[in-house]
1. Which one is surrounded by the fewest Cβ atoms within 10 Å (Cβ to Cβ) among residues in the stretch 141-186 that are touching a residue at least 12 places away in the same chain (Cβ under 8 Å) and out of contact with any helix residue (DSSP H, G or I) (no Cβ under 9 Å at 6 or more places or on another chain)?
2. Consider THR42 against the criteria (1) within 24 Å of PHE656 (Cβ to Cβ); (2) buried (at least 16 other Cβ atoms within 10 Å of the Cβ): it satisfies all of them except one. Which criterion is unmet?
3. Sort out for me the helices (runs of 4 or more DSSP H) sitting completely within the stretch 280-322 that have 3 or more residues that are farther than 23 Å from CYS226 by Cα.
4. List the residue pairs whose Cβ atoms are under 7 Å apart, where the first residue sits in the stretch 633-651 and is without any contact (Cβ under 8 Å) to a residue 40 or more places away in the chain, the second is buried (at least 23 other Cβ atoms within 10 Å of the Cβ), and the two are 6 or more positions apart or on different chains.
5. Pairs, please: C-beta under 6 Å, at least 6 apart or cross-chain, first residue outside any strand (DSSP E or B) and in the stretch 480-492, second at pLDDT 90 or above and among the β-branched types (Val, Ile, Thr)?
6. Being within 28 Å of the chain's Cα centre (by Cα) and of a type in the set (Val, Ile, Thr) is true for just one of THR2, THR84, THR42, THR91. Which residue is that?
Amino acid sequence: MTHRWKVYRSGGVDQVALSSRDDLIHLASLDPKLWVALSMPTSGVHVDRRTLALLDTDHDGYVRRPEVLAAVAWMCSAYRDPGTLFTGGDTIALDQIADGPILRSARRLLVTLGKPDARSIAISDVAEATAMFAHTLWNGDGVIPAEAVEGDARAVIEDIIATRGSVPDRSGKPGVDQERIAAFFAAVRARIAWHDGAGIEVATLAAAAAAIAAVEVKVDDFFTRCRLAKFDARAQVLLAPDDAALAALAGKTLSLASPEVADLPLARIAADGSVPLDGAVNPAWQARIAALAHDAVAPLLGAPSALDEAAWTALVARIAPFRAWQATQPADAPAATPTPPPAGASPGAPSTPPVVALGALGEGRLRAALAHEAEIEDALARDLAVKPEADSAADVEKLCYLHRDLGALLANYVNFAAFYSMRGAVFQAGTLFLDARACSLVFEVVDPVKHATLGPMSGTYLAYCDCTREGVPKKTIAATLTAGDVDNLFVGRNGVFVDRDGKDWQATITKLIDNPISIRQAFWSPYKKTVRAIEERIAKRAAVAATESQTRLDDSAAIGAEAGKPAEQPKKAIDVGTVAALGVAVGGIAAAVAAILSGIFGLGKWAPLGVAGILLAVSAPSTLLAYMKLRRRNLGPLLDANGWAINVLTRINIPFGTALTERAALPPNAERSLRDPYAEIHRPWRLYLVLVVIGALVVAWWAGSLDPYLPGVLTSKGVLGSHAYKQ
């Protein structure tokens, strides 16, 4: 039978519930299309870094669905009751762990820590054990640092690292593993066998070959020139440097390293020329010719004073067997494959590639290395002897971290229970306090380019802020505002951001993305825009009038100066033109208001409906548009911008959105005094208005206009009798 899943609705989103052991056991059978997320980045989320490293098994920077399923399956096998995963906490009782290697490892670990009677194991215990293994040379990771051995064996491990590369051990120190050790000594044996099978005097011929190789091209060039001189006598002059070439050298500062000197012929060109071994040769080549005479000519040909072409050919032929043997030397084996750091290794300790060729170590050094092979193998065996104990610490560490964090992570991955129940989702970076409100839906901006594209698609009002704190790098956040208004929000305004660790940051708005915040804001928006438009129009007309007045004043001053008379200064503080402009604007507004009021009062008893109709006509379009946009608010684009793979439509409906932003409110039972000693003095317009309304009602009653709506004894005729108003 298939598992019976429970589905609940929260915030307008249908989600699969995870609450029982059977839910965990059958999680792999849950249709991937029903998962809220299929991938989560390991950066920009409020989850312990070590937990993320344990989940991200391929180290690609993302926790994907197969990795989550593998972790859940491993935990289910580690528990007696898989439902224990939902309890969480830093400590796990031993009786909750299933019988097997992990339980034995936990008990052995507690014994190692001096706690044989402990009934539970905590993350702090695992951290202590991991640190203990990380700071010992024999930590069971199969990696031997150079410090693990003494004497010449240490130098051999350093040679292995130089020629085969290194891998970090648990302490982070570079070392060698079984693969590198075996490859190194196999290559050493092959090279020594190649040396032993040479069949020639390697040392003598090697020195001669090196001396010949240093001058071979130049000597061949010399004898070729001599052959051309023998072929044609004119070549003897033409192939030698002419007077102009030598004269050009006279004006330069020369040395034996000068290219102009080295390019000259090796010796004097002649039909049957030879290379003087102790005579007049090109100074730039004199040292190399001397090495040729000492290392090659003397051992192989004797001690001639010059080297003719026949002797040169014979000399090159003598080293031909050495060159043929040299060509058969074994190639260095390819470098070992990069090895990921072992469990518990210090972060940021990558494998290193080789930097030295094996042949560069020399035959003697390679033969000496073979004498220490057994010692290095013994060191590796000694390290591997504690591998079960060290690996058990890694398994127990994994159990403790996943016990604490995996259940909470599932509530932010398979479903968004943590977010929609207001428990704090892993993607919520903290709280932004700004403009008398606290915004809890705040994201750390990992990729600004993606946010610029996807942020507006969320349909939320976003405030991007740069956050700074002394001694730490700047970060950027995106805060969603879902309650209040936007009248006092602008780029450059400051607030305070408090992250999930309780650290406060100075936050400055750098960008705003405008979208509706609430129905209340949308309802009053047309009136606020109208008031702002009226204010701007009055200010504009007043500015125009002030400019015209100033122009007239300047003209008058100029005329007065020309006539030799001082210009008269205006006696009034307010220009007549400005007052006139303000009067026209106010008069227009008053006329419009009078027309509206006359229409409303003309409705008689239906006047309240008229007022409601006007309000509805003005506010309904913006309110309806805001309602439609608020219902489309989507969390997905903001998470996608941070690297998540969101699989469903994660709406933020109106009631839930309102809960994500808290507005300022007075504390309960607070005593409030309304007396303000610095309050502005206002006329009692409300009292005047009430008195006018009461007076109008009295006049209407006396005139009999209210008689149809009143009982007989309360009508004007019933009360005033013959003194009532007679129409």
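1. Per the stated criteria, the residue is ALA186.
2. (1)
3. 298-301
4. Going by the 7 Å Cβ cut-off, there are no qualifying pairs.
5. Cβ pairs passing all conditions: VAL491/ILE509.
6. From the options THR2, THR84, THR42, THR91, the qualifying one is THR42.
Rundown of residues vs (1) of a type in the set (Asp, Glu); (2) within 24 Å of LEU399 (Cβ to Cβ), yes/no style:
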{"position": "ASP117", "(1), (2)": "yes, yes"}
{"position": "THR136", "(1), (2)": "no, yes"}
{"position": "ASP159", "(1), (2)": "yes, no"}
{"position": "SER166", "(1), (2)": "no, no"}
{"position": "PHE184", "(1), (2)": "no, no"}
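Conditions (1) under 41 Å from the mean Cα position of the chain (by Cα); (2) more than 18 Å from ALA369 (Cα to Cα), marked per residue:
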| position | (1), (2) |
| --- | --- |
| ASP159 | yes, no |
| ARG164 | yes, no |
| ALA190 | no, no |
| ALA198 | no, yes |
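The values are calculated or read from the model by the stated rules, or taken from the named source; none is laboratory data. All of these numbers come straight from a predicted model, not from anything done at the bench. Please note: Cβ atoms are built from the backbone with ideal geometry, for glycine as well, and neighbour counts cover all protein chains shown.
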